[in-house]
1. Once ligands and nucleic acids are excluded and a 1.4 Å probe is used, how much of A:Lys31 is accessible, expressed in Å² to the nearest 10?
2. May I have the extent of the alpha carbons of the protein assembly as shown along their three principal axes, as whole Å values ordered from largest to smallest?
3. Can you send over the solvent-accessible area of B:Val36, 1.4 Å probe, protein chains only, in Å² to the nearest 10?
4. Quote to one decimal, in nm, the extra length available between A:Lys31 and A:Ala100 on full extension: 0.36 nm per residue of separation minus the C-alpha distance between them.
5. Averaged across A:99-111, how many Cβ atoms of other chains sit within 10 Å of each residue's Cβ atom?
6. Would you look at the GNM of chain B, springs on alpha carbons closer than 10 Å, and say which of B:Pro20, B:Pro81, B:Pro101 moves the most?
7. Against the 2.2 N^0.38 Å scaling, with N counting residues, where does chain B land? I'd like the Cα-based Rg ratio to two decimal places.
8. Given a 1.4 Å probe, show me the residues in the stretch A:67-92 buried by at least 10 Å² of accessible surface when comparing the whole protein assembly to the chain alone.
Protein chains: 2
Amino acid sequence: MSEGIVLFAHGSRDREWARPFETLAATLTAKVTGPVVIAYLESMQPALAEAIGTLVQHGATSIRVVPVFLGAGSHIKEDLPRLVARARTDHPKVAIRLDAPIGEQSTVIEAIAAAIARG
Amino acid sequence: MSEGIVLFAHGSRDREWARPFETLAATLTAKVTGPVVIAYLESMQPALAEAIGTLVQHGATSIRVVPVFLGAGSHIKEDLPRLVARARTDHPKVAIRLDAPIGEQSTVIEAIAAAIARG
């Protein structure tokens, strides 16, 4: 099985909040060979543990967790590493990699700037 | 004077959180003719009213407020429109335009997906 990707987002009580992340998951799915799922820190389901569990159940032996956050605060620096550490303990045979948040990727910042400049 | 742009971000108690937004402001400044400033909803300064006041003091007669948010929850749907309405009342001669959040821009979502797929 190919590598599974978890898009990790904050979550919100507002259902519509998730729309850009769902669009991102669909766009990314067309670009990669493995499964792409979304997980939420709070207010929405599934949580990270559940999303990783689903990928493992479907045979994933390698999983990337991608924080879909622009700024990195305590959610990224404290909460997420703790959740990932727990997932590694729960799935010792699965390679779980934690990416830098997307806001640290220069191509993403460049694309946002270009989109704003066009607007 | 050219149009001023306010990049409106959430804010955090963690100073490093602002880094992607500062990079974005610098990148955008190189692409547009008018001034670009950042404003924060909470925990960081300046607030939106202050950022808009600064642009107006420097002669801006037209201002775009760009929500640098991926998902749109109550901050974007309730807090921000209220802040913008207050700014319009405070500066009746200035045209203040509120953009859709960047998460609704397809080029931004496409760039994020491409960056993740490359990773």
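The values are calculated or read from the model by the stated rules, or taken from the named source; none is laboratory data. Fair warning: this is a prediction, and the values are worked out from it, not measured in the lab. Positions of Cβ are backbone-derived with ideal geometry, glycine not excepted, and every protein chain shown enters the neighbour counts. Just the protein is used for accessible areas: all its heavy atoms, side chains included, with ligands, DNA and RNA removed. Shrake-Rupley method; radii C 1.70, N 1.55, O 1.52, S 1.80 Å.
1. Estimated to the nearest 10 Å², A:Lys31 gives 90 Å².
2. Sorted from largest, the Cα extents of the protein assembly as shown read 62, 28, 28 Å.
3. 20
4. 22.9 nm
5. 6
6. With Cα springs under 10 Å in chain B, the top fluctuation among B:Pro20, B:Pro81, B:Pro101 is at B:Pro20.
7. Numbers: Rg = 14.5 Å, N = 119, 2.2 N^0.38 = 13.5 Å.
Normalised Cα radius of gyration, chain B: 1.07.
8. A:Val68, A:Leu70, A:Gly71, A:Ala72, A:Gly73, A:Ser74, A:Lys77
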